[in-house]
Amino acid sequence: MGQSIMEQEQMKLEEVLIKYRQGINDARLMMDGLPGIYRAQPDLLADMMMQTNNRIVHMERGLCKPYFARIDFTAKESGATEQCYIGKIGVVDENQQTVTVDWRAPIASLYYDSNVGSVTYEAPMGSISGELQLKRQIEIENGILRSVNDVDTVSNDDLLKPYLSVNADNRLKNIVASIQGEQNRIIRESIYKNLIVQGVAGSGKTTVALHRIAYLVYNHRDTIQSGQYMVIGPNQFFINYISSILPDLDVNSVPQHTFESLASKYINEVYTLTDSAEKLTAVVNGKHQSRVDRFKTSMEYQAAIELFMKRFQLSAVPDQQFEIKGFPVLSTNMIKSIYEKVDFNLHDNLESMVNQCILYLSSFVETHEGQLRTRLTAYFQQKMQEGVDHATLEQLKKDRAFIVKELENGCRKSLKKYFAITETKILKLYGMFIESCEQYLPESFSETQELKRSTLAGLRKKRVDFEDLPALMYLRYQMKGAQDYESFCHAVIDEAQDFGEFHFFVLRKMMEHCTFTIVGDLAQSIYNYRSIESWDSIASQVFDAKAILCELLKSYRTTVEIMMMANRVSAHLGLGNALPVIRHGEDVGFHPCTPETQIEQIHRLILEQQKNGCQTIAVISKTMGQSDEIYRALHALGLELEHVSSDSERYLGGICTITGYLSKGLEFDGVILCDASEAVYASDRRVDMHLLYVSMTRPLHRLDIVYSGELTKTLQS
């Protein structure tokens with residue numbers, strides 16, 4: 001009898017593991033020899049050592065699971081059949097024969113996109129056609145073959161079930177193996193295109209975003225360094241949450257920022273940022289309804305600042321003449337005439353324009369140095385004839401020597417000081433704009449005085465809001481230009497629905513040679529007092545219609561029962577429903593209680609979820625005050641748990657208390673939603689419904705809803 005498929009694949013796995021171990025040994029020997037070869041080239045040596053070490057680390061990880069799929073492809077042109085085992089990294093043996101194919105390689109797209117039969121895939125040399133003979137899912141755990149499945153014979157939902165039924169931590173380890181066709185097309189889209197991805201909760205937006213970075217790094221490794229990519233996330237907690245994923249995808253040195261941290265680094269001044277959670281709480285409680293915040297993130301505000309800066313640029317030349325140590329070198333009129341000759345269209349910032357003017361003026365000084373020296377001699381002769389004491393005479397001689405040296409150098413240093421306007425602090429400049437903003441804001445904006453009052457009050461204490469950051473960054477750009485940020489080639493923005501048009505505009509200005517992958521979900525737009533209302537506005541106003549809008553409509557995170565309940569909320573918001581993968585679980589649990597018995601109820605549900613196999617459990621509250629209170633009460637009952645706040649750096653698993661707005665982008669095995677009453681989550685308040693939707697779409701397997709009084713009307717039958 002012939003060997004079974006399992007026996008064949010077992011032999012193959014043993015062969016691959018031997019080659020991985022040999023590859024690790026070879027890499028270690030190579031690493032030992034590198035210092036002797038590259039001793040005279042320390043920078044190259046450091047680079048080679050890092051690359052080799054990374055290779056060893058990834059191959060050692062690969063010993064647990066070297067690959068997850070196999071495809072057999074017969075090329076039409078050559079008739080040769082390629083047998084490809086697809087893993088997280090590509091490995092070749094000592095004879096340069098392929099052992100495993102990197103999931104990012106062009107041929108690997110056949111596993112994600114194609115069925116058995118006639119296929120075509122895009123490679124660097126062009127389209128390659130042929131026949132996909134076999135498409136096989138292979139499950140390996142800790143170096144042991146667990147299962148083999150010819151996946152073209154089953155539905156996609158059936159294929160996904162083994163990956164979706166595991167705990168949250170293990171899902172992160174398997175995401176490469178479970179990428180779906182619609183996700184794969186976004187991941188492999190050209191780096192030269194701007195993408196806007198609207199994805200429902202659980203559709204794998206973050207997965208797609210990070211794998212897109214990994215794919216682009218791999219396929220452009222010869223021309224673009226990993227430091228020329230950027231990831232922008234919603235908060236530092238989220239950044240730390242995903243930071244372990246990129247190295248696991250063979251991606252290192254990609255800068256990761258929140259919008260706040262990026263703004264702070266770019267603006268480069270000392271200020272305090274007000275807590276967005278405090279404002280969100282005020283909005284949720286109906287105590288903050290100003291239109292100022294939304295206006296500050298609009299393109300109307302950007303236009304007002306641009307108009308202000310155009311006038312400010314005209315005042316770059318001081319009213320007094322240019323002199324050094326009292327000696328008049330150039331008249332104000334002469335300087336203004338030179339400044340007006342600078343082509344403003346060739347310069348995107350004031351400093352660049354001034355530097356061009358200084359270049360012209362310096363050239364003029366060098367050309368007329370002889371005449372200026374003659375005037376200088378006459379100037380000092382007159383000074384000395386006025387009768388001076390010895391000390392004054394000595395000072396005059398020093399001054400003259402200094403002026404002569406400046407003239408020899410075209411007065412560049414002194415001209416830089418003369419144009420001190422370019423060193424105006426950005427916060428001061430913003431204050432100047434706010435004080436005179438009536439001149440620049442549209443008449444249709446009726447809350448100018450409120451904008452002035454609140455913003456100036458903050459600036460006096462060097463406090464700014466998140467909504468002020470685009471304006472500050474744009475002023476910095478208008479003053480100093482893009483600086484180092486113009487070298488970035490591609491940026492991913494996650495949870496992008498929380499930004500306004502001005503946020504995207506200023507990022508595009510800063511990183512002018514950069515393309516973007518923007519991912520988010522309008523249903524999760526909890527900061528709707530400041531953020532966009534449609535993706536179309538970003539495509540048209542920021543990208544001049546040069547952006548592709550993609551949709552991810554299928555939710556892979558939650559069970560059908562949980563998603564159908566969450567869809568009630570999205571329908572109430574007038575937004576589209578998510579399509580759940582057919583994975584059934586327990587019904588959503590509804591647990592009425594009194595305020596006095598709420599903690600007892602939550603405690604009971606935590607123990608129950610743990611008993612049913614939930615390893616990561618989130619107790620989600622609407623506000624930080626409530627979350628903190630519940631944490632202390634549960635801790636007093638002897639539970640080991642973690643309290644996640646905006647200051648938290650990472651979540652290590654287990655039980656945690658967290659707010660809905662901090663839980664965005666995260667997922668847990670089980671969720672207990674606290675106090676989902678109509679009084680807390682008012683069905684007629686959009687921000688409440690967005691928060692409710694976010695909280696309900698965090699669990700993989702189980703959702704329990706606790707409430708006192710009347711359940712929020714959106715969830716009532």
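Some notes on this structure:
- Estimated purely from DSSP H runs of n ≥ 4, each contributing -39500 (n - 2.57), the mean residue ellipticity at 222 nm for the chain is -14000 deg cm²/dmol once divided by its residues.
- Protection proxy ranking of 25-31, 414-420 - average other beta-carbon atoms within 10 Å, highest first: 414-420, 25-31
- Applying 0.36 nm per residue to the separation of L607 and E141 and subtracting their alpha-carbon distance, the gain on full extension is 164.9 nm.
- Positive contributions from Lys and Arg (+1) and negative ones from Asp and Glu (-1), summed over other residues with Cβ under 11 Å from the Cβ of K664, come out at -3.
- For K296, neighbours were defined as the other residues whose beta-carbon sits under 9 Å from its Cβ, and their charges (Lys and Arg +1, Asp and Glu -1) total -2.
- Angle in degrees between helix 598-611 and the longest Cα principal axis of the chain, rounded to the nearest 10: 60
- Separation in nanometres of the label points that stand 7 Å from Cα toward Cβ, at S190 and E369: 5.2
- Estimated at 0.36 nm per residue, the fully extended path between T424 and R221 surpasses their Cα-Cα distance by 69.1 nm.
- Taking region 235-278 and a reference point 7 angstrom along Cα→Cβ of K462, the backbone N atoms nearer than 13 Å belong to 268-273.
- Approximate spin-label separation S4-N25, in nm, with each point projected 7 Å along Cα-to-Cβ: 3.2
- Segment S331-D113, extension gain: residue separation times 0.36 nm, minus the distance between their alpha carbons: 71.4 nm
- Plainly put, the chain has a radius of gyration that is 1.07 times its Kirkwood radius, both from alpha-carbon atoms, as the Rg/Rh ratio.
- Relative contact order, percent, region 644-717 [alpha-carbon distance under 8 Å, six or more residues apart]: 37
- Theoretical FRET efficiency, 1/(1+(r/R0)^6), r = Cβ-Cβ of R311 and D275, R0 35 Å, to 0.05: 0.55
- Dipole magnitude of the chain about its Cα centre (Cβ charges: Lys, Arg +1; Asp, Glu -1), debye to nearest 20: 1800
- Inter-label distance, Q483 to Q716: 5.5 nm, where each label sits 7 Å from its Cα along the C-beta direction.
- Computed from backbone phi, the HN-Hα couplings of region 552-565 come to 10, 9, 9, 9, 9, 7, 9, 6, 4, 4, 5, 5, 5, 6 Hz, rounded to whole numbers (Karplus: 6.51 cos²θ - 1.76 cosθ + 1.60, θ = phi - 60°; Gly and Pro given as x).
- Formal net charge of residues neighbouring M624 (Cβ-Cβ distance under 10 Å; K, R +1; D, E -1): -3
Rule-based calculations on the coordinates, nothing more; no lab input. Model, not experiment: these values are computed from the prediction. Positions of Cβ are generated from backbone atoms using ideal geometry, with glycine treated the same way; all protein chains shown enter the neighbour counts.
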